[in-house]
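Worksheet for the structure shown next.
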Amino acid sequence: MHIETLTSLKAYNTFGIDCKAQFFTSVETLKDLKEVLSKEIHPNLFVLGGGSNLLLTKDVNALVLHINMKGITLLSKENDHVLLEVNAGENWHDFVLYCIENDYGGIENLSLIPGNVGTAPIQNIGAYGVELKDVFVRCHAIRISTQEEVSFDHYECQFGYRNSIFKNEAKDEYIITSVVFKLSTKNHIIKSSYGAIQEQLKKSSVSTPTISDISKAVIAIRQSKLPDPAKIGNSGSFFKNPVISTEAFQEFRMKFPRAPFYEVSATEFKIPAGWLIEQAGFKGKRFGEAGVHKNQALVIVNHGKATGTEIWELALKIQKKVKEDFGIYIEPEVNVI
Ligand code: EPU
């Protein structure tokens, strides 16, 4: 195991922010992971997956542990489904493509989401009518303090909208090392009801879509709306879509009758933060090296040389204006360090 010092993290976060790690190491096996955790290299530990949900505003005074364990294992094959165990360091989209190639259904709507498999359960990644929780069976993890191997089943993960136990009670206590998925091998349930998917399928004249068609449609939609982090630094949606009470929603709707919304439950409504940010006048605007994406206002971008602080200042400016204009607080989705 090789421990580096003062390592640039630019290549390890999709915002492309050039902050440094006091110490840095990349682990490729469970054995290496346990070994590094058992040593007192630095009192602080910072666990890094794909770096796709992270805004660095300062150097990281810690041992930065890059989880780079690869591998996909077929655990079992039943009549209509498989169970796959996927190591945490696998790239999420590569895993989606692997499933499409093997005709395993369930995650095609989650095509092109940046990040790694091991961090996907933390925020229960979701897009176009599917969430990770829909195919999740369990995950394996290491308790950081004792290096003990533990596992969490679906119930124990307490999944919610962009949320799980790993963002709450279990925050910073575990490192997810692999995830077990249940995926269909026949009679795939095609989820194409989302408006943008319907439109895309129509454009490509597909009437009875396969999982591969859905994946292609999602890729086309995402590529048209969301910037490619390899070309322009970003972290996908910067904010969560706010959920407000029926009472607050009724008042909001009186003032803004044209606003899009989704009914979450009998007592809650979700308003798209992208709409609020666009109406607040930020869409496509540039503030120095930081900016708001021209096709999706929920995405903050690094035009090249932005510091994490510049990005964060823009986020705060947006948050303040949305609060002033609509009385709604929008909470960041990304982890700000
Ligand atoms: N909208 C605007 N202006 C914008 C962006 C959106 O008016 O600039 C409106 C749209 O017209 C639409 C609504 O907001 O009525 C929703 O927009 P969209 O379908 O693009 O989805 P979203 O709610 O903005 C969420 C996820 C995305 C995911 C899409 C598709 C969150 C925080 N974001 O975005 O996830 O891809 O749905 O399912 O829930 C991510 O997490 O990084 C991410 C990209």
Going through (1) under 30 Å from F269 (Cα atoms); (2) more than 16 Å from the ligand (Cβ to nearest atom) one by one, Y161 fails only at (2)
For the range 70-97, which residues satisfy the criterion of being open to solvent by 10 Å² or more (accessible area, probe 1.4 Å) and either among the hydrophobic types (A, V, I, L, M, F, W, C) or in contact with a Gly (Cβ under 8 Å, 6 or more places away or on another chain) (or both)?
K70, I72, L74, L75, L83, N87, E90, N91, L97
Matching residues in the range 252-264 (open to solvent by 80 Å² or more (accessible area, probe 1.4 Å) and in a helix (DSSP H, G or I)) number 3
Is one or more of the residues making up the range 6-22 outside any loop (DSSP other than H, G, I, E, B), among the aromatic types (F, W, Y), open to solvent by less than 30 Å² (accessible area, probe 1.4 Å) and under 30 Å from G195 (Cβ atoms)?
no
Here are P114, P121: which of them is more than 9 Å from the ligand (Cβ to nearest atom), assigned to a loop (DSSP other than H, G, I, E, B) and not β-branched (V, I, T)?
P121
Mind listing whichever residues of the range 132-147 are open to solvent by 60 Å² or more (accessible area, probe 1.4 Å) and of a type in the set (G, A, S)?
S145
From (1) of a type outside the set (G, A, S); (2) at pLDDT 95 or above; (3) within 16 Å of the ligand (Cβ to nearest atom); (4) open to solvent by less than 70 Å² (accessible area, probe 1.4 Å), pick out the condition that doesn't hold for E333.
(2)
Considering each residue of the range 42-63, count those that are open to solvent by less than 40 Å² (accessible area, probe 1.4 Å) and in contact with a His (Cβ under 9 Å, 6 or more places away or on another chain), and give that number.
5
Filter the range 286-330 down to residues that are more than 21 Å from I232 (Cα to Cα), within 15 Å of the ligand (Cβ to nearest atom) and in a helix (DSSP H, G or I), then give me how many there are.
5
From the list L110, L63, exactly one residue is in contact with a Phe, Trp or Tyr (Cβ under 6 Å, 6 or more places away or on another chain) and modelled with pLDDT of 95 or more. Which is it?
L63
What number goes with the only condition from (1) farther than 27 Å from S145 by Cβ; (2) of a type outside the set (K, R); (3) open to solvent by 70 Å² or more (accessible area, probe 1.4 Å); (4) over 26 Å from the mean Cα position of the chain (by Cα) that S38 does not pass?
(1)
For the range 230-251, give me each residue that is more than 9 Å from the ligand (Cβ to nearest atom), within 24 Å of R286 (Cβ to Cβ), open to solvent by 20 Å² or more (accessible area, probe 1.4 Å) and touching a residue at least 40 places away in the same chain (Cβ under 8 Å).
I232
Which residues, taken from the range 131-164, are assigned to a loop (DSSP other than H, G, I, E, B), closer than 18 Å to E333 by Cα and either of a type in the set (A, V, I, L, M) or touching a residue at least 12 places away in the same chain (Cβ under 8 Å) (or both)?
F159, Y161, R162, S164
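The values are calculated or read from the model by the stated rules, or taken from the named source; none is laboratory data. These figures come from a predicted structure and were not determined experimentally. Note that we place each Cβ from the backbone using ideal geometry, even for glycine, and neighbour counts take in every protein chain shown. All accessible areas refer to the heavy atoms of the entire protein, side chains included, with ligands and DNA or RNA removed. Shrake-Rupley method; radii C 1.70, N 1.55, O 1.52, S 1.80 Å.
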